[in-house]
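Just below is one structure, and these are the notes that go with it.
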Amino acid sequence: MTSPQWQRRHLLSLQDLAPWEYEIILQTTASFVEVLSRPTPKVPTLQGRVVALLFFESSTRTRNSFELAAKRLSADTLNFSPGTSALNKGETILDTAKTLLAMNTNLMVIRHQYSGVPHQIAQECDRLGTGVGVINAGDGQHEHPTQALLDLFTLCSQNHAKPPSLASLRGCKIAIVGDIRHSRVARSNIYSLRAAGAEVHLAGPPTLVTKEWQALGVQVHWDLAPALQSAHFVMALRLQTERMEQHFLPSLREYHREYGLTRERLSLCQPGVKILHPGPANRGVELTSDVMDDPELSLVSQQVSNGVAVRMAVLYLLSRAKLTGS
Ligand code: NCD
C-alpha cells in the first residue's frame, strides 16, 4: 500500500486533520529540525517563492517564527502591518490581500483579531483561481493551528522516538490550565491531542471554562488538583485580558492563588512532568518564574525552537500541494 500524499493547500483549522496528516507534519518537521542543526541552516526549497506575512494583530514569536521559517527555506518575504499599511486609508482586508496576490505571492500567513478572516481570504484566493496557500496564524478566539502543531511536535519528541509520532501520546494525561474561553491555542490543541488519543483535562475558573467544552471529548475541572493529578504534561495559558469584554476574574492575585502553577502544586503530577506555555507568559500569574525557568520542568524554549521547524514543514507541504495542482 502506498502512503497517502499531502493534499491540502490551506491550513486553516486542525478540526478535520487526519492522524496520517499529523504524522506527515511530524516527520517533515523532524527533517527540518535536522536542517536547522547544520552549520548553514538553510535549504533552497522555496527559492523564488513569495511568502506574505499579514499580521493584523500584534505578535512577537509567531510572526518572527514564520519569517525565519520562510527565510530558512530561501523564500522572499513580504511584511504587512496594519499601522503602516493602506488599511489606514480605507482599503479593505480583501483588497490588501489582492494587492499582495498581484505581487505574485505564493503563500499567505494571516493573523487577525476576528475569527474566520483567514478562511475568508482563502475562499477568495480559491474563487480567483490563484493557487495561493493560506495559513491561519491565529484568528480571534477560534484557532491557532501552527501553535498546536509545534506543541504536538514538542510533546511527541519527549520520548525520543525517531521520527516523533502521535502514538507516543496515546493515553497520556495532559492538563490545559487557564483562560480556555478566549484561547485559540486551547481549541487547536484539543483537536490535535484528541487525534493523538491523549486524555485532555481543562482547568480554570467557571467563567473561563464551561462544561460545554466536554463536547470536544475533554474533561473540565474548576479545581486545579484533579486536573494536575498524575498528569504527564501541563500546558499553562495566558489570561487574554485584551479579549475580556467583562470582568471574568476577581483579580490576578486571586487567579494565581487558585490556578497558578507552582512547584508545590506540580508535585501532584507524574514524576518528570513537563510544563508548556505558548507565550507570552505572565510570570507570577499563570506560573511562577521558578517553574518557567527550570530546564528540568519547562519545555518553553523547545516550543519556540520547534516552532521554526514546524512552520518550515507547513510552508513546504502547502507549497507542494500547489505544485501538484490539488
Ligand atoms: C498565543 C496567541 O497569540 O494566540 N501566542 C502565540 O501565538 N505564541 C497565545 C497568547 O497570546 O496568549
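Annotations for the structure displayed:
- The chain - share of DSSP beta bridges that are antiparallel (%, nearest 5): 5 percent
- Annotation: aspartates and glutamates with alpha-carbon distance below 14 angstrom to residue 173 (same-chain offsets under eight excluded): 199.
- Prolate/oblate/rounded call for the stretch 106-181, Cα gyration tensor, a/c under 1.5 rounded: oblate
- Selected from 137, 52, 232, residue furthest toward positive end of dipole (the chain; charges at beta carbon): 52
- Cα convex hull of the chain - mean projected area over all directions, nm²: 17.3 nm²
- Largest-first ellipsoid semi-axes for the stretch 145-303, taking √(5λ) over the Cα gyration tensor eigenvalues, angstrom: 23, 18, 14
- With eigenvalues of the C-alpha gyration tensor scaled by 5 and rooted, the stretch 1-60, Å: 23, 21, 13
- Dividing the radius of gyration of the alpha carbons in the stretch 1-124 by their Kirkwood radius gives 0.99 for Rg/Rh.
- Computed from Cα atoms, the angle from the helix 145-156 axis to the main principal axis of the chain rounds to 60 degrees.
- For the stretch 227-326, alpha-carbon Rg over 2.2 N^0.38 Å: 1.39
- Per-peptide packing, taken as the mean over residues of other Cβ atoms within 10 Å, places 278-286, 105-113, 6-14 in the sequence 105-113, 6-14, 278-286 from highest down.
- Within the stretch 35-83, the proportion of C-alpha pairs whose separation exceeds 12 Å stands at 63%.
- Extending 7 Å from Cα along the Cβ direction at residue 267 and again at residue 40 yields two label points whose distance is 5.4 nm.
- Each residue of the stretch 157-249 gets 93 Å³ once the volume of the Cα convex hull is shared out per residue.
- GNM top mover of 169, 94, 315 - the chain, alpha-carbon springs below 10 Å: 94
Every read-out reported here was derived from the displayed coordinates using simple, explicitly stated rules and does not represent laboratory data. It should be emphasised that the depicted structure is a prediction, and the values quoted were computed from it without experimental measurement. Quick reminder, even Gly has a Cβ in these numbers, built from the backbone with ideal geometry, and neighbours come from all protein chains shown.
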